[in-house]
Amino acid sequence: MTPTTTNAPTGAPPMDSVSTGLLNLLRDHDPEIASVLADEAARQAQTIELIASENHVSPAVMHTMGSCMTNKYAEGYPGKRYYSGCVNHDRAEQLAIDRACKLFNCTFANVQAHSGANANLAVYYALLNPGDTILSVVLSDGGHLTHGSPVSISGKWLNPVHYPLVYDESRDDYGYIDYDAVESMAKEHKPKIIMCGYSAYPRIIDFKRFRTIADSVGATLVADIAHIAGLCAGGAHPSPFPHAHIVTTTTHKTLRGPRGGLIMTNDEELAKQIDRAVFPGTQGGPLMHIISAKAVAFGEALQPAFKTYAKQIVTNAKTLADELMHRGHHLMSNGTDNHLMLMDLRKFDPELTGKDAALWLEQAGIIVNKNTVAREQRSPFKTSGIRLGTPAATTRGFTEKHMKQIGGWIDQVLRSGGDESIHKSIAGEVIELCRAYPLPH
Ligand code: DSN
């Protein structure tokens, strides 16, 4: 039954069953937050989620996050806790560890990192001293704040040096990693850590080449696979193992688990250092409800159906990319190999900002994020690009034909000059499509 608190229009796509059950409980208990949750469940049900880092979790993952496992302090690790009563928490955490190792083909996993940022912080804390050098990509070229941005602890306490992506306006395919440039930066600066990992890079990462570079300067190679973890697990992107010394990731993007972090390695000594750096180094009590939900999500990702899902994410992304390029839009690197694409609006309409494009698309029921592009001149609040990804839309059941349709809608919106009547009309069509493809329930 749809709760009365929702603002969703009559005939809107159904909400997922977990939200419906929870809202029935909350309606009397806390009507104010019930109203917020109802509106959010409705928003998710009736819009197309193309934010590359988001997904729709299964009801099993969603329920486990909201379970009794939240009621416990379990500082320490399985079999070595500081509090009594952790017997079931040991079982849950060990399951999550074993499944993560199986999924990513490694021998050690720390499943306690609260987030990707916490995972990276713990790795730095385990391996580095203040002032040590790390090498990563320029943030506005598709890197991440935790890879040495001046506004992050990684940039303030460490000495980050950055390599840019290839940028050549005279070519269409700019935006690739220049491995020779990475190598010469590594030789010049002798970083202790080389981070390879991106939040807006649409191409395959050559982990082997990165390892060769790392070995040539004695650096530790850390692969932050937050974006592509589900593709690696599902065989749709090469694995960072055995090349990376350490792999960090989030668990909620292509991997489709609860919001959280994960650190993996095959090196026993690094494993000990990482465990100590997570707890007690940088975190307190583990989020056992989230760790339990990670176990559920890893179990799902070990099923054969997940391989099909991962492959379809990439097929959908390629189809959407082709459709957009066919309609005259420019994508960084001229396409995609993975789950995301980065539209460089400068070639399409130099006046159109990523901020406006994202706003217009939201009015049309298509959710993307504004994103910086190579050699960005605008601020991160305006930007000259938008990032689009297919993990959530693929979870919903969309396939190639839907990607073509969505590409057509995006094209119409970007050519609308901001005409809200066009956006509204498309939003109606989006709701129709969403009704036919409800969220996991
Ligand atoms: N905020 C994430 C993303 O959208 O890529 C990265 O942490």
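The values are calculated or read from the model by the stated rules, or taken from the named source; none is laboratory data. Since the model is a prediction, treat every value here as computed from it, not as a measurement. In this analysis, Cβ positions are derived from the backbone assuming ideal geometry, glycine residues included, and neighbour counts consider all displayed protein chains. The area values use the complete protein model at the heavy-atom level, side chains included, leaving out ligands, DNA and RNA. Shrake-Rupley method; radii C 1.70, N 1.55, O 1.52, S 1.80 Å.
Values for this structure:
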| read-out | value |
| --- | --- |
| Single condition GLU54 does not satisfy, out of (1) within 16 Å of the ligand (Cβ to nearest atom); (2) in a helix (DSSP H, G or I); (3) in contact with a helix residue (DSSP H, G or I) (Cβ under 6 Å, 6 or more places away or on another chain); (4) open to solvent by 30 Å² or more (accessible area, probe 1.4 Å) | (2) |
| Options ALA392, ALA364; residue that is buried (at least 23 other Cβ atoms within 10 Å of the Cβ), hydrophobic (A, V, I, L, M, F, W, C) and away from the ligand (no atom under 16 Å from the Cβ) | ALA364 |
| Residue within segment 10-30 that is at pLDDT 80 or above and of a type in the set (Asp, Glu) present | yes |
| Selection status of GLN377, polar (S, T, N, Q), surrounded by fewer than 21 Cβ atoms within 10 Å (Cβ to Cβ) and under 25 Å from ASP172 (Cβ atoms) | yes |
| Residues within segment 235-270 that are open to solvent by 10 Å² or more (accessible area, probe 1.4 Å) and small (Gly, Ala, Ser), tallied | 3 |
| Odd one out for SER292 among (1) crowded, with 23+ Cβ neighbours inside 10 Å; (2) in contact with a Gly (Cβ under 9 Å, 6 or more places away or on another chain) | (2) |
| ILE153, sole failed condition from (1) within 16 Å of the ligand (Cβ to nearest atom); (2) in contact (Cβ under 8 Å) with a residue 40 or more places away in the chain; (3) not basic (Lys, Arg) | (2) |
| Close pairs (7 angstrom Cβ cut-off, 6 or more residues apart or separate chains): charged (D, E, K, R) in segment 196-207, in a loop (DSSP other than H, G, I, E, B) anywhere | ARG203/TYR176; ARG203/ASP337 |
| Criterion: part of a loop (DSSP other than H, G, I, E, B), surrounded by fewer than 20 Cβ atoms within 10 Å (Cβ to Cβ) and free of Cβ contacts under 8 Å to residues at least 40 places away in the same chain - qualifying residue of LYS382, LYS347, LYS355 | LYS382 |
| Filter pass, ALA42 being farther than 16 Å from GLY299 by Cα, open to solvent by less than 60 Å² (accessible area, probe 1.4 Å), part of a helix (DSSP H, G or I) and not β-branched (Val, Ile, Thr) | yes |
| Output for segment 88-130, where each listed residue is in a loop (DSSP other than H, G, I, E, B) and open to solvent by 50 Å² or more (accessible area, probe 1.4 Å) | ASN105, THR107, HIS114, ASN129, PRO130 |
| Residue selected from segment 179-227 under the condition away from the ligand (no atom under 16 Å from the Cβ), touching a helix residue (DSSP H, G or I) at 6+ places or on another chain (Cβ under 9 Å) and among the small types (Gly, Ala, Ser), by the criterion most open to solvent (accessible area, probe 1.4 Å) | SER216 |
| Matching residues in segment 83-142 - criterion: being acidic (Asp, Glu) and within 16 Å of the ligand (Cβ to nearest atom) | ASP141 |
| Count of residues meeting criterion [touching a Leu at 6+ places or on another chain (Cβ under 9 Å) and either open to solvent by 10 Å² or more (accessible area, probe 1.4 Å) or of a type in the set (Asp, Glu) (or both)] in segment 418-441 | 1 |
| Test result for GLY79, on the phi > 0 side of the Ramachandran plot and either surrounded by fewer than 20 Cβ atoms within 10 Å (Cβ to Cβ) or at pLDDT 95 or above (or both) | yes |
| Looking only at segment 135-178, and only at residues there that are among the charged types (D, E, K, R) and closer than 26 Å to MET341 by Cβ, the one that is least open to solvent (accessible area, probe 1.4 Å) | ASP141 |
